[in-house]
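So the structure is just underneath, and the comments pick up after that.
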Ligand code: AHG
Ligand code: MN
Ligand code: MN
C-alpha cells in the first residue's frame, strides 16, 4: 500500500467540493496536467534538440519569441482543444483570442488564459522557467459566439489558476479557490504526485525580489521602499521568471515587486494571464497582491487581453508594510 496521491486522483477527489459539479472542470484540469508533462519533456530536452534560441518573430506584446515559447503554446492549445472542455483561449503568444469550434454534444463553458512559457529569456542558459494558467467560466450563453469581451473578467472571477515551475524538479501548483496544493513530477512514473498539501505563505520572510537594475527608473517612493528592504538586510533574489521568483516567496516568505518604470508606465507584466492567476494563488495561500496604486490586483477591471499592470505580491505582513511605507512617504513628500 503506498501513500502516493497523483494529480489525477487528487483532482477527482476534489470534484465533490463543487456543488452540481459535472466533471468538466476536473477534465480540464487533468488536460492541463497532461499538457504540463509534454511541455516539461521539451523543456528538459531543450539542450539536446534544436529548439533553443529566438524564433525570430515578435509576440503580441512586441517581445522576441523563443522557439520553446511557440512549442509550449502549440502543445497547450492542442491539449485544451482536444479536451472539449474549453471554449477558447487567450495566450501571451497570440494577438487575438482563439475560439475552439463547438464539439458535438458538449457545451464547453470554460475559457483558459495562458502564459505558456514564463521567463523565456532563461531558456538558453538552463535557468528555471514556468507556465501560468487561469480558468474562467464564460458568462454569456454557450451557444453564442465567444468574443474578446468574454475574457475581460476580473481576477476575482477566476474559477481556478495554477502554474508549473520547471526547476530542479517540476512542480505544478494550483487552486480552485479552496486552498493551494503542489504536485511534484516523478519522472520515473511520469506522474505529478501530491508533495505540498494546503500551502500557506509565511506571514513574512527574508527575501525581496525585484529587478534592481531599474532602480533609477522607479518612482521615488518605490526607490525608498527598496532602500528599506536593503536596510533590513533582506536577501535579494531575482531569477527573471515571475513564476520562479514567486514560487520561492510562496514557500519561504518575502515580497516580489514589478513596479511601473519609465519604460513600462503601467508595469510590464500582463494582468490577465500573469498577474491575476499568480495573485489568486498567492491570496489563496494567505498572501496579498496589489498594484503600484495600492489597488488589489484581483479587483482590477480588465480592459484589454494583453493589458499590463504593476504588481507587488507576497507575504501579507510585508505587503501591508509596503503599503504603509509608500503611503507615509507619499504623504510626507506632499506636505
Ligand atoms: P515572458 O517570458 O512570459 O515574456 O515573461 C517575462 C516576464 C516575467 O516572467 C519576468 O519576471 C519578467 O518578465 C522579467 O522582466 P525584466 O527582464 O524586465 O526584469
Ligand atoms: Mn511571462
Ligand atoms: Mn511567456
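Of everything listed in (1) within 24 Å of residue 121 (Cα to Cα); (2) assigned by TED's automatic domain parsing to the domain that holds residue 278; (3) surrounded by fewer than 22 Cβ atoms within 10 Å (Cβ to Cβ); (4) touching a strand residue (DSSP E or B) at 6+ places or on another chain (Cβ under 8 Å), the single unmet condition for residue 169 is (2). Within the range 229-254, the set of residues being away from ligand 1 (no atom under 14 Å from the Cβ) and buried (at least 16 other Cβ atoms within 10 Å of the Cβ) comprises 229, 234, 250, 251, 253, 254.
In the range 175-196, is there at least one residue being within 16 Å of ligand 1 (Cβ to nearest atom) and not assigned by TED's automatic domain parsing to the domain that holds residue 231? No, that holds for no residue.
Among the residues of the range 219-252, write down those that are out of contact with any helix residue (DSSP H, G or I) (no Cβ under 7 Å at 6 or more places or on another chain) and in a loop (DSSP other than H, G, I, E, B). Scanning the range 219-252 gives 219, 232, 233, 234.
For every residue, the table says whether it meets (1) away from ligand 2 (no atom under 16 Å from the Cβ); (2) under 17 Å from residue 6 (Cβ atoms); (3) in a loop (DSSP other than H, G, I, E, B); (4) out of contact with any helix residue (DSSP H, G or I) (no Cβ under 9 Å at 6 or more places or on another chain).
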| site | (1), (2), (3), (4) |
| --- | --- |
| 123 | no, no, no, no |
| 145 | yes, no, yes, yes |
| 164 | no, yes, no, no |
| 183 | yes, yes, no, no |
| 195 | yes, yes, no, yes |
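Taken over the range 170-206, the criterion of being within 18 Å of residue 44 (Cβ to Cβ) and more than 21 Å from the chain's Cα centre (by Cα) is satisfied by 186, 187, 188, 189, 190, 191. The single condition among (1) part of a strand (DSSP E or B); (2) within 16 Å of ligand 2 (Cβ to nearest atom) that residue 127 does not meet is (1).
Considering the range 82-97, and only residues there that are modelled with pLDDT of 95 or more and surrounded by fewer than 20 Cβ atoms within 10 Å (Cβ to Cβ), the residue that is nearest to residue 42 (Cα to Cα) turns out to be 94. Under 7 Å between Cβ atoms, which residue pairs at least 6 apart in sequence (or on different chains) link something in the range 200-221 that is surrounded by fewer than 20 Cβ atoms within 10 Å (Cβ to Cβ) with a partner that is assigned to a strand (DSSP E or B)? Matching pairs, first to second residue: 206/235; 206/254; 212/236. For residue 255, all conditions in the list (1) over 24 Å from residue 152 (Cβ atoms); (2) in contact with a strand residue (DSSP E or B) (Cβ under 9 Å, 6 or more places away or on another chain); (3) in a loop (DSSP other than H, G, I, E, B); (4) away from ligand 2 (no atom under 13 Å from the Cβ) hold save one; what is the number of the exception? All conditions pass for residue 255, except number (3).
Against the condition within 16 Å of ligand 1 (Cβ to nearest atom), closer than 27 Å to residue 94 by Cβ and either outside any loop (DSSP other than H, G, I, E, B) or in contact (Cβ under 8 Å) with a residue 60 or more places away in the chain (or both), how does residue 266 come out, does it pass? The answer is no for residue 266.
For the range 108-125, the candidate set comprises residues that are closer than 20 Å to residue 153 by Cα and more than 10 Å from ligand 3 (Cβ to nearest atom); within that set, the residue that is surrounded by the fewest Cβ atoms within 10 Å (Cβ to Cβ) is 109.
Residues checked against (1) more than 16 Å from ligand 1 (Cβ to nearest atom); (2) modelled with pLDDT of 95 or more; (3) over 30 Å from residue 9 (Cβ atoms):
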| residue | (1), (2), (3) |
| --- | --- |
| 113 | no, yes, no |
| 130 | no, yes, no |
| 133 | no, yes, no |
| 145 | yes, no, yes |
| 148 | yes, yes, yes |
| 155 | yes, yes, no |
| 171 | yes, yes, no |
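Out of 283, 274, I need the residue that is free of Cβ contacts under 8 Å to residues at least 60 places away in the same chain, over 16 Å from residue 221 (Cα atoms) and in a helix (DSSP H, G or I). Which one? Just a single option satisfies the conditions, and that option is 283. Consider the range 80-95. How many of its residues are out of contact with any helix residue (DSSP H, G or I) (no Cβ under 8 Å at 6 or more places or on another chain) and either closer than 14 Å to residue 146 by Cα or within 16 Å of ligand 3 (Cβ to nearest atom) (or both)? Going through the range 80-95 one residue at a time, the tally reaches 2.
Filter the range 286-296 down to the residues that are surrounded by 23 or more Cβ atoms within 10 Å (Cβ to Cβ) and in a loop (DSSP other than H, G, I, E, B), then identify the one that is farthest from ligand 1 (Cβ to nearest atom). The qualifying residue farthest from ligand 1 (Cβ to nearest atom) is 287.
The values are calculated or read from the model by the stated rules, or taken from the named source; none is laboratory data. No experiment lies behind these values; they were computed from the predicted model shown. A quick note on method: Cβ atoms are made from the backbone with ideal geometry, for glycine too, and the neighbour counts reach across all protein chains shown.
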